[in-house]
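Student: Pasting in a structure now, in structure tokens, and then I'll have a few things to ask.
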Amino acid sequence: MDKLKLEILTPNGKIFSGDVMSVTLPGEEGEFGVLAHHASLTTLLDAGVIDIEKEDKSVESVLINWGVVQVDEEKVIVLVEGAVAIRGESESAVVKALEDAQKLIADIADSNPAIAAVSARIESAAHKLL
Amino acid sequence: MANLKDIQRKIKSVSSTQKTTRAMKLVSTAKLRRAEELAKRSRLYAEKLNQVIAEIAGRIDCHKVGGINNRFFAKTENPQMVDVIFVTADKGLCGGFNIQTIKAVKKLIAEYQAKNVKVRLRGIGKKGVEYFKFNEVEMFDEVINLSSKPDKVRSDEFILTSIEDFKDGKIDALHIVYNGYKSMITQELHVTTVLPVDTAEYDCNKTQPQSMLEIEAQDEERVLDSLISKYVSYNMYYSLIDSVAAEHSARMQAMDTATNNAKEMVKSLKVEFNKARQAAITTELIEIISGVESMK
């Protein structure tokens with residue numbers, strides 16, 4: 001299967017950059033998945049979770065609060081305001097990432113009813129790693 | 001020839017100034033490193049965001065997508081009122097850093113006034129605010145303590161007025177003037193037009209036909225609105241970060257020059273001091289010798 005390039009940029013720098021198999025994004029109108037050679041589009045993202053399927057088939061989750069994505073045939077560029085990647089070498093690092101994620105969720109909780117679902121999903125993503 | 005004691009006092013005073021300037025340089029160097037790191041990390045994001053916006057703006061301009069007639073992208077032919085936001089430092093002692101920005105602002109205002117356009121000046125940073133107050137230039141509002149410690153929440157609050165007023169048609173353009181960081185030793189003055197979004201750089205003929213803008217017709221206004229306000233407020237915030245980095249690099253340089261000047265001055269004062277000292281010894285010797293001679 002072909003790979004596509006994914007870049008996730010935040011005001012504090014790049015949090016993900018590399019080749020991936022597929023990526024699932026929380027679009028404003030609903031979740032959508034992107035594979036290589038996807039038609040170009042530009043759209044907004046809602047608060048939610050980006051699921052990245054990496055080359056070794058492992059899945060990484062990134063929590064975001066708002067974003068805009070630019071997709072073209074070869075690459076996907078995601079610009080987000082606040083993001084926390086759920087990953088870590090050790091158990092404590094995963095727990096720390098989970099705490100950060102929950103803080104970010106608390107920050108955006110006032111405006112969005114879908115937050116509870118996001119919170120549950122991010123926890124299950126972390127539990128998989130533990 | 002100056003008195004020995006006077007020269008000594010001068011040397012002492014100059015060297016203590018030198019100590020101060022050297023300390024300030026070291027502080028700025030440390031702060032610069034942090035500010036530079038922050039600016040560097042944000043630059044990528046700012047550039048990409050600008051690219052996305054420019055592309056959307058360009059497409060709307062070229063294809064007149066869905067008859068979008070959005071204020072944010074349309075150039076107003078006869079502006080009535082424009083917003084000029086300037087960012088200066090809260091502190092001085094950083095060479096021409098602040099005055100460069102102020103000059104650019106004055107030039108911009110003069111240009112608009114020549115065209116009979118009202119300018120609403122909004123200031124960030126104590127130095128610039130003080131300058132315009134002293135010269136009795138009317139300011140719409142002012143914020144201090146923001147440019148030395150950029151804060152996203154406060155910057156968003158500040159810029160929101162301009163975004164809302166632009167949306168309501170109270171202002172027709174928004175400019176941000178600030179001195180940005182280029183390298184350790186150079187700063188670059190930016191006079192940017194944030195609103196309306198500049199579509200000039202986008203080449204209509206170069207668009208790939210399969211690329212399309214995926215925005216549902218009924219809520220295109222809302223999508224663009226939210227995208228644009230993020231874009232403008234991020235631009236404001238980035239200006240602040242960039243300005244802080246530039247301020248520290250300017251101050252570092254100014255203080256380095258000051259330290260060197262002080263060093264030179266101490267050197268020449270020391271030469272003068274030694275000359276005076278030798279002259280005094282010679283006079284004393286002559287006095288003794290002539291005294292001995294007269295006793296013979």
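No lab work stands behind these numbers, since they all come straight from the coordinates. This structure is a prediction, so every number in the text was calculated from the model and none was measured. Please note: Cβ atoms are built from the backbone with ideal geometry, for glycine as well, and neighbour counts cover all protein chains shown.
Student: Give, as a single signed number, the net charge of other residues whose beta carbon lies under 13 Å from the beta carbon of B:Asp242, with Lys and Arg counted +1 and Asp and Glu -1.
Tutor: My count for the surroundings of B:Asp242 gives -1.
Student: Just counting partner chain Cβ atoms within 10 Å, what average do the residues of peptide A:69-77 show around their Cβ?
Tutor: Mean number of neighbouring Cβ atoms from other chains: 2.
Student: If packing is taken as the average number of other Cβ atoms within 10 Å across a peptide's residues, how do B:281-293, B:182-194 rank, most packed first?
Tutor: Descending packing order for the listed peptides: B:182-194, B:281-293.
Student: Separate question: When a/c reaches 1.5 or more, the comparison of a/b and b/c decides; with that in mind, is the protein assembly as shown rounded, prolate or oblate per its Cα gyration tensor? Before the final figure, lay out the partial values.
Tutor: Working: a/c = 3.22, a/b = 1.93, b/c = 1.67.
Cα axes put the protein assembly as shown in the prolate bin.
Student: Right, something else. Suppose a student asked you for the relative contact order of chain B, using Cα pairs under 8 Å spaced at least 6 residues apart; what percent would you report?
Tutor: 32 percent
Student: How many nm is it between the label spots at B:Lys275 and B:Lys19, if each spot is 7 Å from the Cα in line with the beta carbon?
Tutor: So the label points at B:Lys275 and B:Lys19 sit 2.8 nm apart.
Student: On a full-extension model of 0.36 nm per residue, what is the gain between B:Ile144 and B:Glu293, subtracting their alpha-carbon distance, rounded to one decimal in nm? Mind dumping the intermediate values first?
Tutor: Details: separation 149, 0.36 × 149 = 53.64 nm, distance 7.56 nm.
Working it through step by step, the gained length comes to 46.1 nm.
Student: I would also like to ask the following. Other chains near A:5-11: what is the mean number of their Cβ atoms within 10 Å of each residue's Cβ?
Tutor: 4
Student: Next question. So how do B:260-273, B:87-100, B:237-250 stack up, highest first, on mean other-Cβ count within 10 Å?
Tutor: B:237-250, B:87-100, B:260-273
Student: For B:Lys275, list the lysines whose Cα falls under 25 Å from its own Cα; do not include residues on the same chain fewer than 8 positions away.
Tutor: Answer for B:Lys275, where 25 Å is the Cα cut-off: B:Lys5, B:Lys10, B:Lys12, B:Lys263, B:Lys267, listed by chain and number.
Student: Report, for chain B, the % of DSSP beta bridges that are antiparallel, rounded to 5.
Tutor: The answer is about 35 percent antiparallel.
Student: If you don't mind, there's one more thing I want to ask. Classify the range A:1-91 as rounded, prolate or oblate from the Cα gyration tensor: take a ≥ b ≥ c as the square roots of its eigenvalues, call it rounded if a/c is under 1.5, otherwise prolate when a/b beats b/c and oblate if not.
Tutor: oblate
Student: Right, next: Give the percent of DSSP beta bridges with both residues in the protein assembly as shown that are antiparallel, rounded to the nearest 5. Provide the component values of the computation, followed by the final result.
Tutor: Working: 45 of 66 bridges.
Bridges in the protein assembly as shown are about 70 percent antiparallel.
Student: Now a separate question. So which of A:Lys103/B:Lys91; B:Lys107/B:Lys182; A:Lys3/B:Lys182; B:Lys40/B:Lys91; A:Lys14/B:Lys103 end up more than 26 Å apart, counting from Cα to Cα?
Tutor: Too far apart for the 26 Å limit: A:Lys103/B:Lys91; A:Lys3/B:Lys182; A:Lys14/B:Lys103.
Student: Which shape class, rounded, prolate or oblate, goes with chain B when its Cα gyration tensor gives a ≥ b ≥ c as root eigenvalues, a/c under 1.5 marks rounded, and past that a/b bigger than b/c marks prolate?
Tutor: prolate
Student: Continuing with this model, one more query. Shielding by partners for B:105-115, please: the mean number of other protein chain Cβ atoms within 10 Å of each residue's Cβ.
Tutor: On the way: counts 0, 0, 0, 0, 0, 0, 0, 0, 0, 0, 0.
For peptide B:105-115, the averaged partner shielding equals 0.
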